1. Check the stretch 21-38 and report whether any residue there is outside any strand (DSSP E or B), open to solvent by 40 Å² or more (accessible area, probe 1.4 Å) and in contact with a strand residue (DSSP E or B) (Cβ under 6 Å, 6 or more places away or on another chain).
2. What about GLU97, is it among the charged types (D, E, K, R), surrounded by 12 or more Cβ atoms within 10 Å (Cβ to Cβ) and without any contact (Cβ under 8 Å) to a residue 24 or more places away in the chain?
3. Just one of the numbered conditions (1) open to solvent by less than 60 Å² (accessible area, probe 1.4 Å); (2) without any contact (Cβ under 8 Å) to a residue 60 or more places away in the chain; (3) within 19 Å of ALA104 (Cα to Cα) is not true of ILE65; which one?
4. Would you be able to say whether some residue in the stretch 100-111 is surrounded by 16 or more Cβ atoms within 10 Å (Cβ to Cβ), outside any strand (DSSP E or B), touching a Lys or Arg at 6+ places or on another chain (Cβ under 8 Å) and not small (Gly, Ala, Ser)?
5. Which one of the conditions (1) surrounded by 14 or more Cβ atoms within 10 Å (Cβ to Cβ); (2) within 13 Å of the chain's Cα centre (by Cα) does VAL82 fail to meet, given that it meets all the rest?
6. Take the residues of the stretch 44-57 that are crowded, with 17+ Cβ neighbours inside 10 Å and part of a loop (DSSP other than H, G, I, E, B): which is farthest from the chain's Cα centre (by Cα)?
Amino acid sequence: MAQQQEDGYYPRVNANLISASQIGQIVSLVGAVDGCDGTIATIRCGVGTTKVIVEPDFSHPSGHIMEAIGCVNDDLSIQMFVSRDMGSDFDMGVYNELITKVMANPKFAEYFLPPSAIAM
């Protein structure tokens, strides 16, 4: 059973950071849509791709980066609740450096983790 997630907090992930420990939790995924078959969008983020379950009326401009906020499923896909367009000039390299090197660094935990997760 997943640990209770603190209200208003959801981790930022890419294809490499999604894990089984996040099943049932809400996450934020930023990436570019590689394709969509009407119910599943393939999002390119980090050095891989992630499947995002979308509504049948989902559409996103080609070449634009998007943020998908949703719940991690058992197969590590994401059931999207909300999306937002991040534009076409969003630097995915800088963003991935932020989430893998800065946000994951315990030195900066107080800025990126909910208060209950920070060791006192």
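1. Here is the first cut: in the stretch 21-38, the ones outside any strand (DSSP E or B) are 21-25, 37-38.
Among the residues that remain, those that are also open to solvent by 40 Å² or more (accessible area, probe 1.4 Å) are: 21, 23-24, 37.
Those still in the list that are in contact with a strand residue (DSSP E or B) (Cβ under 6 Å, 6 or more places away or on another chain) too: 23.
So far as the stretch 21-38 goes, yes, one or more of its residues are outside any strand (DSSP E or B), open to solvent by 40 Å² or more (accessible area, probe 1.4 Å) and in contact with a strand residue (DSSP E or B) (Cβ under 6 Å, 6 or more places away or on another chain).
2. On the way: among the charged types (D, E, K, R): yes; surrounded by 12 or more Cβ atoms within 10 Å (Cβ to Cβ): yes; without any contact (Cβ under 8 Å) to a residue 24 or more places away in the chain: yes.
Judged against the criteria, GLU97 is a match.
3. So the condition that ILE65 fails would be (3).
4. Within the stretch 100-111, one or more residues are surrounded by 16 or more Cβ atoms within 10 Å (Cβ to Cβ), outside any strand (DSSP E or B), touching a Lys or Arg at 6+ places or on another chain (Cβ under 8 Å) and not small (Gly, Ala, Ser).
5. (1)
6. Here the answer is VAL54.
Condition check ((1) touching an Asp or Glu at 6+ places or on another chain (Cβ under 8 Å); (2) at pLDDT 90 or above; (3) among the polar types (S, T, N, Q)) across all residues:
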site: ASN14; (1), (2), (3): no, yes, yes
site: ILE26; (1), (2), (3): no, yes, no
site: VAL30; (1), (2), (3): yes, yes, no
site: GLY48; (1), (2), (3): no, yes, no
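The values are calculated or read from the model by the stated rules, or taken from the named source; none is laboratory data. Every value quoted in this text rests on a predicted model; they were computed, and no experiment measured them. Neighbour counts run over all protein chains shown; Cβ positions are idealised from the backbone, glycine included. All accessible areas refer to the heavy atoms of the entire protein, side chains included, with ligands and DNA or RNA removed. Shrake-Rupley method; radii C 1.70, N 1.55, O 1.52, S 1.80 Å.
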